[in-house]
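Just below is one structure, and these are the notes that go with it.
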Amino acid sequence: MTQAALSRTALTLGLALLGAAGAQDLTAYREVAGSLDTAARVRPGSAPQALAQLDRAVAAFDTLEPTLQNRKLASGVRDAMGAARAALGRSPAELQAQVELARGLLRKALMDQTLSGLSGGGGNGAAQLQLLAREFGLQGESGQALVTAGTSGRLPEVAWRLQRAATGKVNAALGSVQPRQDAASYLALARATGWFSVVQDAAGVGDLRLSQFGNALRQLAGGDTAGLTGSLQDLRRGMRAFTATLAAPPAAGTTGRTTPAPEPAAPPTTVTPAAPDPAPTPTPAPVTGGSSMVSGQTDVYAALARAHAAASAGDTPGAREHLAVAWQALGGVTDTLRQAEGFAALNRRLEGAQALHPLRPQDVEALMGQLANVERARQGQPPLTLNAVSGTGMQALSGWARAGLLALLAALAVVPLRYLHLAFGGRNAYWRAIAAGVALLFTPLFLEGLGGLLGALGDTLNSPLRAALNLTLTQGGYGLWLWVVLSAAAAGLLTYGFRGLCEQFGLIGGRRAAVNVNQTQIIDWDEEV
C-alpha cells in the first residue's frame with residue numbers, strides 16, 4: 001500500500017466525531033452502501049464489475065455528501081472509497097477490507113446524524129431509524145424496538161441498542177481472527193475495525209482505542225504472530241469489558257454516548273496470502289436473556305426466508321444481500337449453538353453461497369435445512385437425513401455445474417425423440433400422439449436446461465437475462481401446477497396412442513378386433529390406421 005493510501009486510511013479511521021443535525025439523503029445512502037457491498041462481493045470473480053460498482057458508489061456519494069453535516073466524516077468516507085478504488089488492482093482481500101472500513105464510517109454518519117436530528121426534533125427520523133435497524137442487523141422485534149424507542153424520544157435506549165448490535169459484530173469478527181497471516185483473518189480484523197469505528201466514542205468503551213485495531217492489522221500484515229496474539233487478547237478483553245457495560249438498558253435521564261477527543265489510528269496494511277484458508281467459525285458476542293430461540297437465530301431464519309423469496313422471483317442480487325445479512329446474523333447466536341456439530345460447515349457454506357452463480361431457491365432451502373440440523377445437534381437430537389442429503393447435494397451440484405449438467409441432459413433428451421420419429425414416422429396418428437406425449441414428459445427438463453443456462457449466464461454477467469430462471473419449473477411454486485398439467489396432457493396422449501395401437505393389432509376390442517395377431521403378416525407402421 002502506498003504512503004498516500006496509508007495517509008488516507010489513517011484519516012479515515014481517525015476522524016473527529018462531531019455532532020450533526022439534519023436529514024441525510026437516504027436513497028443516496030442506500031445506493032452508496034449497496035454499491036460498495038456489491039463491489040466487494042464481485043471483486044473475486046470480476047475486477048471490471050467491481051470497478052463499475054465503485055464508480056456507482058462515488059456517483060451516489062456525490063448526492064449524499066451535501067446532506068452530511070459532519071464534513072470531516074464525509075471527507076473520510078470519500079477517502080475510504082478512494083482507497084478501495086486504489087486497492088482494486090491489488091488483492092480482492094484488500095478491496096473488501098477497505099469497503100468494510102468505508103461502510104463503518106457510513107454507519108457512523110447515519111447513527112450520529114439520526115440521533116442529533118431526533119434530539120432536535122427534525123429530520124426524517126422514522127425512515128432513518130428503519131435504515132439504521134437494517135444497517136446494524138436489527139430485524140424483527142429488535143428492529144421494531146429500535147424504531148419505537150426513537151420515535152418515542154428514548155434516545156439513550158436507541159444509542160444503547162445500536163451500540164450493543166455493533167459490539168456484537170466486533171466480537172463476532174474478532175472471534176474469526178486467527179494469529180496467522182491469511183486473507184480470512186485480515187478481512188475479519190478489518191470488519192471488526194470498521195464496526196468499532198462506529199462505537200469508538202461510546203461511554204463504556206474504557207481504554208479501548210481504535211489505534212489498537214490498526215496496530216493489530218499491521219502486525220497481521222507483517223507476520224508478527226507473537227505480537228498479534230497479544231494484541232488480539234487485549235482487544236478481546238477490552239471488548240468483553242465494553243460489552244458488559246451494555247448488558248442492561250440505560251436508566252432514564254442518562255446519555256447513551258460521549259464524544260472524547262479523537263485519536264489517529266494506525267491504518268491497515270495490505271496482506272496477500274499465498275493460499276487463503278477458509279473463514280473460521282465466528283465467535284459471537286455474549287447474548288443476555290432470551291429463550292432458546294434467541295434473536296440471532298431468528299434473524300438468520302428471517303434473512304434466509306427473504307433470500308428464498310428473492311431467489312424464487314429471480315432476484316438473485318437481492319437474494320445475495322439477504323444471505324449476507326444471514327451470515328452476519330449467524331455471528332450473534334449463542335455459544336451453545338456455535339459449538340454444535342455442523343455449525344462450522346454451515347458458516348462456510350453460508351458465506352460461500354453469497355458468491356454462487358446462479359443462486360437458486362434450492363440452495364437457500366439447503367442452508368435452512370443445515371441450520372435446522374445444527375439446532376437439532378445442539379439439543380442432542382439426531383440430524384434429519386433429508387436435510388443432510390440436501391445440503392451435501394447442493395454443495396456438490398450447484399451454480400454453473402448444475403446449469404451445465406441440466407443443459408446437457410436437455411440436449412440429450414432430443415436424441416430419443418429423433419429416433420422415435422425415424423423409427424415410426426409421422427403419418428400414423430397414434431405414433432404422433434405417443435411422440436407428443438413423450439415430448440411433454442421431457443418438457444420440464446428442456447425448460448430447466450434452457451432457462452437454467454440462460455439464467456446462469458445472465459446472473460454471471462449481471463444482465464436482465466437472469467429472468468430466464470423463471471422459465472424453469474423448480475424456480476417457484478407455480479412449477480408444480482405446470483408440471484401437473486404437462487404430466488396430465490402427456491398421460492392422455494400416451495394413453496390415446498397406445499390404446500389405438502392395441503386396437504389396430506387386435507389386442508383389445510375395436511374395429512380391428514378380428515385381426516389374428518398370430519398370423520404372419522407384415523404390417524406397414526406408417527400406413528396402417
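Which ones in the range 461-473 are surrounded by fewer than 18 Cβ atoms within 10 Å (Cβ to Cβ), farther than 19 Å from L409 by Cα and not polar (S, T, N, Q)?
Within the range 461-473, L461, P464, L465, A467 qualify.
Quick one: would you say A109 is crowded, with 20+ Cβ neighbours inside 10 Å and free of Cβ contacts under 8 Å to residues at least 60 places away in the same chain?
The answer is no for A109.
Of the conditions (1) open to solvent by less than 10 Å² (accessible area, probe 1.4 Å); (2) modelled with pLDDT of 85 or more; (3) in a helix (DSSP H, G or I); (4) not basic (K, R), L337 clears all except one; give me its number.
(2)
Which condition from (1) surrounded by fewer than 24 Cβ atoms within 10 Å (Cβ to Cβ); (2) more than 23 Å from G76 (Cα to Cα); (3) β-branched (V, I, T) is the one that V177 breaks?
Checking V177 against (1) surrounded by fewer than 24 Cβ atoms within 10 Å (Cβ to Cβ); (2) more than 23 Å from G76 (Cα to Cα); (3) β-branched (V, I, T), the one that fails is (1).
I'm trying to understand the selection: among the residues of the range 24-69, which are buried (at least 17 other Cβ atoms within 10 Å of the Cβ), under 18 Å from Q354 (Cβ atoms) and of a type in the set (S, T, Y)?
S35, T38
So is A439 modelled with pLDDT of 90 or more, more than 24 Å from L501 (Cα to Cα) and either over 20 Å from the mean Cα position of the chain (by Cα) or of a type in the set (D, E, K, R) (or both) or not?
Here the answer is no, as A439 does not meet what is asked.
Would you tally the residues in the range 137-177 being more than 23 Å from Y301 (Cα to Cα) and among the aliphatic types (A, V, I, L, M)?
6
Identify the single condition in (1) in a helix (DSSP H, G or I); (2) under 18 Å from L187 (Cβ atoms) that Q49 does not satisfy, given that it satisfies every other one.
(2)
Looking only at residues in the range 340-388 that are of a type in the set (A, V, I, L, M) and either without any contact (Cβ under 8 Å) to a residue 12 or more places away in the chain or part of a loop (DSSP other than H, G, I, E, B) (or both), which one is surrounded by the most Cβ atoms within 10 Å (Cβ to Cβ)?
L359
What are the residues in the range 180-194 that are open to solvent by 10 Å² or more (accessible area, probe 1.4 Å) and at pLDDT 85 or above, if any?
L187, R191
All but one of (1) assigned to a loop (DSSP other than H, G, I, E, B); (2) of a type in the set (D, E, K, R); (3) in contact with a helix residue (DSSP H, G or I) (Cβ under 6 Å, 6 or more places away or on another chain) hold for R180; which doesn't?
(3)
Can you name the residue in the range 389-417 that is under 14 Å from L356 (Cβ atoms) and not in a helix (DSSP H, G or I) and, of all such residues, is most open to solvent (accessible area, probe 1.4 Å)?
L397
Go through the range 138-164 residue by residue and tally those that are under 23 Å from the mean Cα position of the chain (by Cα), at pLDDT 90 or above and either surrounded by fewer than 24 Cβ atoms within 10 Å (Cβ to Cβ) or farther than 29 Å from E351 by Cα (or both).
1
Pick from G476, G452, G458: which is open to solvent by less than 30 Å² (accessible area, probe 1.4 Å), part of a loop (DSSP other than H, G, I, E, B) and either closer than 17 Å to A313 by Cα or at pLDDT below 90 (or both)?
G476
The values are calculated or read from the model by the stated rules, or taken from the named source; none is laboratory data. Predicted model only: the values in this text are computed from it and were never measured. Positions of Cβ are backbone-derived with ideal geometry, glycine not excepted, and every protein chain shown enters the neighbour counts. Note: accessible area is taken over every heavy atom of the protein model, side chains too, but ligands, DNA and RNA are not part of it. Shrake-Rupley method; radii C 1.70, N 1.55, O 1.52, S 1.80 Å.
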